[in-house]
1. Using the structure shown, decide if GLY803 is surrounded by fewer than 16 Cβ atoms within 10 Å (Cβ to Cβ), farther than 19 Å from LEU873 by Cα, in contact (Cβ under 8 Å) with a residue 24 or more places away in the chain and out of contact with any Phe, Trp or Tyr (no Cβ under 8 Å at 6 or more places or on another chain).
2. Checking the conditions here, which among ALA785, ALA808, ALA739, ALA764 is in contact (Cβ under 8 Å) with a residue 40 or more places away in the chain and over 25 Å from GLY858 (Cα atoms)?
3. Against the definition (modelled with pLDDT of 95 or more and aromatic (Phe, Trp, Tyr)), how does TRP155 come out, yes or no?
4. Considering only strands (runs of 3 or more DSSP E) fully contained in the stretch 616-685, which possess at least 3 residues that are hydroxyl-bearing (Ser, Thr, Tyr) and open to solvent by 30 Å² or more (accessible area, probe 1.4 Å)?
5. State all residues of the stretch 811-834 that are of a type outside the set (Lys, Arg), open to solvent by 40 Å² or more (accessible area, probe 1.4 Å) and more than 41 Å from the chain's Cα centre (by Cα); if no residue qualifies, say none.
6. Out of everything in the stretch 63-89 that is within 20 Å of the chain's Cα centre (by Cα) and β-branched (Val, Ile, Thr), what residue ends up being surrounded by the most Cβ atoms within 10 Å (Cβ to Cβ)?
7. Which of the residues that make up the stretch 301-317 are more than 13 Å from PHE280 (Cα to Cα) and assigned to a helix (DSSP H, G or I)?
Amino acid sequence: MDGSQIRRRFLDFFGERGHTVVPSSSLIPNDPSLLLTTAGMVQFKPYFLGEQDPPYPRAASAQKSFRTTDIELVGHTDRHMTFFEMLGNFSFGDYFKEGAMDHAWALITEGFGIDPARLWVTVYETDDEAEEIWRDHVGVPADRIVRRGKADNFWSMGVAGPCGPCSEIYVDRGPEHGREGGPEVDEDRYLEIWNLVFMQYECDENIEIVGDLPKKNVDTGMGLERMALVLQGKNSAFETDLVRPLLEQAERLADARYGADPSTDISLRILAEHGRATTFLIADGVTPSNEGRGYVLRRMLRRVVSHARRLGVEKDVTGPLVERTIQLMGEAYPDLVERRAFVLQVAAAEEEQFARTLRQGMERFGDELERTRSSGGGRFSGEAAFLYHDTYGFPIELTVELAKEQGLEVDTSAFERLMEEQRRRAKEAAKGGRDDRALVEIGREAGRSEFLGYERVTAEGRLLGIVTEGARAEAATEGDEVEVVLDRTPFYAEGGGQIGDAGTIRTASGEVAVEDTVAGPGETIVHRGRVIRGEVHAGEAAEAVVDAPRRAATARSHTGTHVLHWTLRSLLGEHARQAGSLVAPGRLRFDFTHFESVSRDRLEEVEGVANERLIEDEPVRAYETTMEFARSQGAIALFGEKYGDIVRVVEIGDYSVELCGGTHAVRTGNVSPLVVSSEGSIGSGLRRLEVLVGPDAVAWVNAERRLLEEVAAALGAGDPKQAPDRARKAIARIKELEAQLGALRKGERGERVEELLTSAVDVAGVALVVADIPGEDVGGLRELALKLRDRLEANGQGAAVLGTTDGAKAQLVAACTKPLLDRGVTAGALLEHAAKAIGGGGGGRPHLAIAGGGNPAGLPEALGGIGERLASLLQG
């Protein structure tokens, strides 16, 4: 049974048993506490918590999942992966333990045909009920039911949220895979294939139970790759039809054979697994960056390229791996096919950029090797190894291998310490989020907030809940910061790039200044602000008034975003798709996929075409329809956005059709003018435009005009049009004067060399020049030091060390003659102690080194110790 058949049989099995088959959600979760979607239950979390009423009592899905904890292990084992497919069935207060066990046993033994005699189960150490059901109801022999502790049989998301005891199902792969005795003895032989979680509690960030969930639920997870391994009789997931074709692609790229060499196998597995994983990440809208999920993607792409280079592959590797992934998985996940061009462009751009970084890293690696040798050490710095890993993407095994070739070992303990610190920081950052338990409680009681903001900016409602300092309150008084939920509101909650509305909420006894509006638990709308008059009480009638001018300015920006999106796709190509935005009053930030800077001429063309469209004064129409109909109309859906079966479509004229929940201008004529104020890169294959619209655009143009007039006046140009020519002439004159000054200084330096040579002292037969050169920059010091070295070398062994300060920092330059280098004395070693005296460090080549530091007062001490340092180095 191949992977697609396993997936299909699973979904058909549960579909036939009353489960709604739900599509996979994005790898970018709609949950601030998670970095990536880690399991099938993530999209159902609001149902488990009782924040929303589920539209169906039971569901099943094949969910794209991603776990970052195993990135460093991928390639080193047969089973560790970052990306996998989680097959799951879910009950939202419908069936519980007995139903989950019945379904699981029937599918495994009948649907997949696995002999019951091969199956073992584990239960939580105190779960007598689960053991009894397995033994007396299902018929599992008591000696194949194992009780295990919290680490193995209690499931949570790793952050605050739903949790509960679980029961895992294992299959015995046979004696050729390990020792007898069950899962506690050998988990390679006894392979876990399914986890049944009885989701009945809510836990805090320390995974301690804080209460019961509103209902008893079921959340199960079966790894598709593991089930394929069992049913296809393979030794590892890499040999199944789900991954083996990618392994074969890696073999072709590297002209290598899997299984021939252990170190080669590691690299081939990394190419296959990471090639698949990064394809899915990019297709879901993740782009390379230096933080969050973008950093996860960047690390993985860098591992792919560096391991390809280890295998001798100098050509493009990510492109063929992406193409093969889409061929394999495109039928199950059509988004891969739809976003093929985008994925290929992002991967190729990052690979090209990293290839340059890798070359730079190799050069720095050579410098570190030289420093290690020159200092007499045989141990490559763990700090340096971490730097190459973190900055240049060098896997530690690559650093170890390269160092070993040079006869050095790497301080891996220091490397691991730094890695652990980074993991801890990443874990803390990934937890993030707010303590929203009070809002969750209000959401359960209040239900969905009725949004009236498309039709009006004022509305009557009722104040259903108040939160102050994270706790629910019956009332709030003047000065209190509050979060308020109304039953109906005209305030738009931040979403789709558009900022939340501001305004006021008035009751008979008080007034709240609303500073921001966000989407809250249970489809509530949360108004954040401060009580500015009297006091407000839960249950009071309230008048909600949106800041109308601010809303109108924001609506202009949102309509401008849609027109700009259409314009970019028309002029740059269909690949130029929106990848993020900020829609604020009078201004917008627009991120889009494109792989080179947009020239000034092309930007002016974009502005011109967009403004032509705007002044046509076309109507902006919005309506709700089914997702199927919207797609048939060519509506554009945006990366990372979550859509239901019913969607809102915004049409502008006969050219722009997008899914959008934001507020808009009534006609495009309300928006113009549109002005692009800046364009730049924000990552591989991503560009950003900063744009102003309407009165804000006019104000910006006027400010630019005033600035030009001031520059023209400063240059003595009566007409601003003359300013560029005046500026060019002024710059040319400055360069001419600088050249004359440089020539004068060069002559002075020649005289200074002769003067400094007379101050040379003898240190064990070596001529040493040490001097403080006031007013000189580091470039001038370098030139002087090299001239001194050349003159000293004509007479034998010598060294020169020069220093200077500018009041804020100190600089040192050292130069050594070749005969001195032959005796083992380098310029870097000569400056080692002196650099510390000025509060800094330095580097360079053996014959020339530069150091800088923020303690200029330490310069006399630094220079004063050079003679002693040279004598020490000469003595060995």
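1. no
2. None of the others qualify; the one that does is ALA764.
3. Here the answer is no, as TRP155 does not meet what is asked.
4. By residue number, 674-683.
5. PRO819, LEU821, ASP822, GLY824
6. Among those that are within 20 Å of the chain's Cα centre (by Cα) and β-branched (Val, Ile, Thr), it is THR82.
7. ARG302, ARG303, VAL304, VAL305, SER306, HIS307, ALA308, ARG309, ARG310 - these are the residues of the stretch 301-317 that are more than 13 Å from PHE280 (Cα to Cα) and assigned to a helix (DSSP H, G or I).
Conditions tested, residue by residue: (1) aliphatic (A, V, I, L, M); (2) on the phi > 0 side of the Ramachandran plot; (3) without any contact (Cβ under 8 Å) to a residue 40 or more places away in the chain.
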residue: ARG602; (1), (2), (3): no, no, yes
residue: GLU616; (1), (2), (3): no, no, no
residue: MET627; (1), (2), (3): yes, no, yes
residue: ALA635; (1), (2), (3): yes, no, yes
residue: GLY669; (1), (2), (3): no, no, no
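The values are calculated or read from the model by the stated rules, or taken from the named source; none is laboratory data. As the structure is a prediction and not an experimental result, all values here were calculated from the model. In this analysis, Cβ positions are derived from the backbone assuming ideal geometry, glycine residues included, and neighbour counts consider all displayed protein chains. Note: areas computed on protein heavy atoms with side chains; ligands, DNA, RNA excluded. Shrake-Rupley method; radii C 1.70, N 1.55, O 1.52, S 1.80 Å.
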